[in-house]
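Here is the structure we will look at.
Only the coordinates and a few stated rules stand behind these numbers; no lab work does. Computed from a predicted model, the values in this text were never measured in an experiment. Glycine gets a Cβ as well: all are built from the backbone with ideal geometry, and neighbour counts include every protein chain shown.
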Amino acid sequence: MSADAQKKAAAEAALAYVERGAVIGVGTGSTVNHFIDALADLRQDIAGAVSSSEASTERLRRHGIEVLDLNEVDRLPVYVDGADEANSLLQLIKGGGGALTREKIIAAVSQKFVCIADRSKRVRVLGKFPLPVEVIPMARSYVARELVKLGGRPELRQGFTTDNGNIILDVHGLEIAEPIQLERHINNITGVVTNGLFAVRPADVLLLGGPDGVETLQAR
Ligand code: 5RP
């Protein structure tokens with residue numbers, strides 16, 4: 001079973017968490033694209049979606065799913081999104097697709113965050129995947145120097161601008177033993193919009209597609 005088939009299986013399993021009659025939060029990435037395609041069959045049963053990226057918004061609209069402004073939504077029971085890494089506490093690294101800031105906002109608003117991924121994303125310690133940090137462009141060099149002080153090797157994501165008009169520094173070489181502390185620390189560097197650690201607000205459910213089916217992990 002290919003990694004893509006495992007992503008698709010996890011995405012389809014997430015349909016069981018979609019609350020009928022409510023707005024659904026939708027993330028970004030290749031796993032989420034499978035979820036959006038599957039969600040199309042339920043479009044009459046949901047009140048619309050809020051989306052974490054222009055790419056997901058476009059895909060949702062192509063399927064006839066209404067995309068709402070998050071500011072107009074007062075209740076978001078479920079948010080479905082992918083991840084680049086997940087540990088046993090369902091703390092995540094996200095932002096491989098560069099949509100981390102909007103993803104973190106929707107995750108914060110949601111009552112239940114359902115993360116969907118293939119099994120290769122499961123790790124013991126976060127940090128092998130370079131940690132994405134969204135930065136206001138004029139702060140790039142300063143933030144990079146601060147990240148070096150933390151033991152990381154920041155690299156500018158070439159030719160990439162976020163949906164918010166900012167840059168991404170991908171930080172290599174971090175072994176993240178204390179995800180909550182590091183998330184807060186990096187977010188306190190002036191010029192950082194946010195970083196791709198989702199530890200303060202981890203996932204509530206992790207659906208991991210593997211060769212022998214979809215495993216469900218719940219937050220403890
Ligand atoms: C985008 C993300 C994605 O969820 C993450 O990169 C996983 O992507 P994929 O489903 O393509 O493996 O955080 O910013």
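Using the beta-carbon distance between Arg153 and Asp4 and R0 = 30 Å, what value does 1/(1 + (r/R0)^6) give for FRET efficiency, to the nearest 0.05? Show your work: numbers first, answer last.
Values: r = 30 Å, r/R0 = 1.00.
E(calc), rounded to 0.05, equals 0.50.
Full extension from Asp69 to Asn188: what is 0.36 nm times the residue separation minus their Cα-Cα distance, to one decimal in nm?
Taking 0.36 nm per residue and subtracting the Cα distance, the gain is 40.1 nm.
I need two numbers for the chain: Rg to one decimal and Dmax as a whole number, Cα atoms only, in Å.
Computed over the Cα atoms of the chain, radius of gyration and Dmax are 16.7, 51 Å.
Mean residue ellipticity at 222 nm from the helices of the chain, using -39,500 (n - 2.57) per DSSP H segment of n ≥ 4 over the full residue count, to the nearest 500 deg cm²/dmol?
When only DSSP H runs of four or more count, the value is -8000 deg cm²/dmol.
What translational D, rounded to a whole number of µm²/s, comes out for the range 99-175 from Stokes-Einstein when the hydrodynamic radius is the Kirkwood one over Cα pairs, at 4 °C and 1.567 mPa s?
Here the translational diffusion coefficient equals 92 µm²/s.
Using Cα pairs closer than 8 Å and at least 6 residues apart in sequence, work out the relative contact order for the range 130-184, in percent.
43 percent
Based on Cβ point charges of +1 for Lys and Arg and -1 for Asp and Glu, what charge dipole magnitude is obtained for the chain about its Cα centre, in debye rounded to the nearest 20?
So the magnitude is around 500 debye.
Relative contact order for the range 1-138 using alpha-carbon pairs under 8 Å, separation at least 6, rounded to a whole percent?
Contact order relative to length: 28 percent.
Name the aspartates and glutamates eligible as straight-distance cross-link partners of Lys112: C-alpha to C-alpha under 16 Å, and not fewer than 8 places from it in the same chain.
Those aspartates and glutamates meeting the cut-off are Glu19, Asp74, Asp81, Glu103, Asp204.
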